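Read the figures in this text as sums done on the coordinates, not as results from a lab. Everything numeric here is computed off the predicted structure, so don't read it as measured data. Ideal geometry is used to build each Cβ from the backbone, glycine not excepted, and the neighbour counts take in all protein chains shown.
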Amino acid sequence: MKDTGKAYGAASILHGWLYDRLIVVKWRDIVNFPMDFPNAITVHQLIFRIHLLVLAVSVALSTYAQTAKRTTKSIEQFRTEIEQIAQEAQGRVGVAATLLETGESVGVHENEQYPMQSVYKLPIGMAVLHQVDQGKLALTQLVHVSQSDYISERQHSPIRDKFPQGADITLAELLRYAVSESDGSASDVLLRVVGGPDVVMNYLQTLGVTGVMVLNTEREIGSDNAVQYRNWAKPDQLVALLKAVQAGKGLSITSHAWLLHLLIDTQTGLQRLKGLLPAGTPVAHKTGTSWTIDGVTAATNDVGILKLPNGRHIAIAVLVSDAKADAKTREAVIARIAKVAWDYWH
């Protein structure tokens with residue numbers, strides 16, 4: 001990409017080389033061209049066509065050189081803009097984004113570890129759906145949820161609030177609560193039903209995702225602020241997980257469709273990845289949020305797949321950790337980074 005001048009030079013040399021030979025062809029064919037042959041084209045037609053070919057090659061090479069230079073400059077500006085936006089969070093910000101159809105990527109601190117909080121409900125949900133595909137579980141089966149399954153009052157749990165005495169809930173509904181509504185109690189029940197954290201980790205390994213750690217329940221995370229840091233992820237590995245989601249890797253067609261529906265129907269973090277995108281933009285995403293303790297918020301996250309108007313998809317993970325900025329600013333950081341990615345690949 002940095003050899004722009006060489007591309008221009010190649011175009012010029014090619015044009016000159018062919019043009020010199022056109023002169024030879026022109027004079028030779030004026031003397032020898034079989035003008036009485038019924039299907040023959042004229043010498044001038046031949047020269048005109050070759051001129052067009054030369055022009056097309058020259059333009060193609062020049063356009064490639066210009067595009068290469070522009071793309072290199074833009075990707076650098078893209079990364080710089082992300083870094084500048086991230087500073088406003090007053091904490092650690094990790095970003096990974098990939099245009100799935102081409103593989104073009106950008107990252108900022110994408111190999112560092114960040115607490116996921118409820119983002120980890122995505123791999124839990126995927127592991128459950130995998131067992132549904134295997135016939136070990138069924139979306140229609142009823143699962144008993146008792147009061148002992150509920151997380152603390154400080155934590156988010158719509159089913160605890162709706163069914164304070166417990167209830168029998170279908171697996172499909174538990175998935176909706178856990179993924180779309182980020183219900184911590186539903187997530188813990190699903191983690192129990194699927195067989196525990198080890199089962200989820202083994203499933204992630206089958207997908208080739210190694211930098212996502214699901215080790216504890218929501219109740220355990222809520223009982224000790226330090227535990228959330230054990231359940232971490234690297235932004236680039238979350239993007240790898242999102243690639244698997246988009247491709248339907250490790251899931252049947254039916255389970256893949258159900259998972260995307262749950263992610264698109266997410267009710268939390270609407271001012272994060274979706275915040276500045278055009279209204280109606282399909283975004284399949286999962287959020288994660290911690291408490292703010294002594295003015296510092298351990299996790300404000302959103303990871304997801306953005307669908308562009310041209311049909312292509314951006315997989316993006318933005319994780320904001322140990323930030324001193326207020327909630328509105330942290331969410332705006334995520335929204336602005338998503339918008340920068342949208343503008344770059346749109």
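With respect to the cross-link table entries 162/324; 307/339; 162/243, which display a Cα-Cα separation exceeding 23 Å?
In this structure, 162/324; 162/243 exceed 23 Å between Cα atoms.
Among rounded, prolate and oblate, which fits the stretch 198-346 when a ≥ b ≥ c are the square roots of the eigenvalues of its C-alpha gyration tensor, a/c under 1.5 means rounded, and a/b larger than b/c means prolate?
oblate
Which of rounded, prolate or oblate describes the stretch 156-284 when judged by the alpha-carbon gyration tensor and an a/c cut-off of 1.5?
rounded
Tell me, what is the Rg over Rh of the stretch 90-345, with Rh the Kirkwood radius over Cα pairs?
Dividing the radius of gyration by the Kirkwood radius yields 0.94.
If we count every other residue with Cβ under 12 angstrom of residue 287's Cβ, Lys/Arg +1 and Asp/Glu -1, where does the sum land?
Net charge in that neighbourhood comes out at +2.
Please order 121, 234 by the number of other Cβ within 10 Å, starting at the fewest.
In order of increasing Cβ crowding within 10 Å: 234, 121.
Given the C-alpha centroids of the stretch 154-210 and the stretch 243-269, what is the distance between them in whole angstrom?
That distance is 15 Å.
Determine the dipole magnitude for the stretch 223-346: charges of +1 sit on the beta-carbon of Lys and Arg, -1 on that of Asp and Glu, nothing else is charged, the reference point is the Cα centre, and the result goes in debye to the nearest 20.
340
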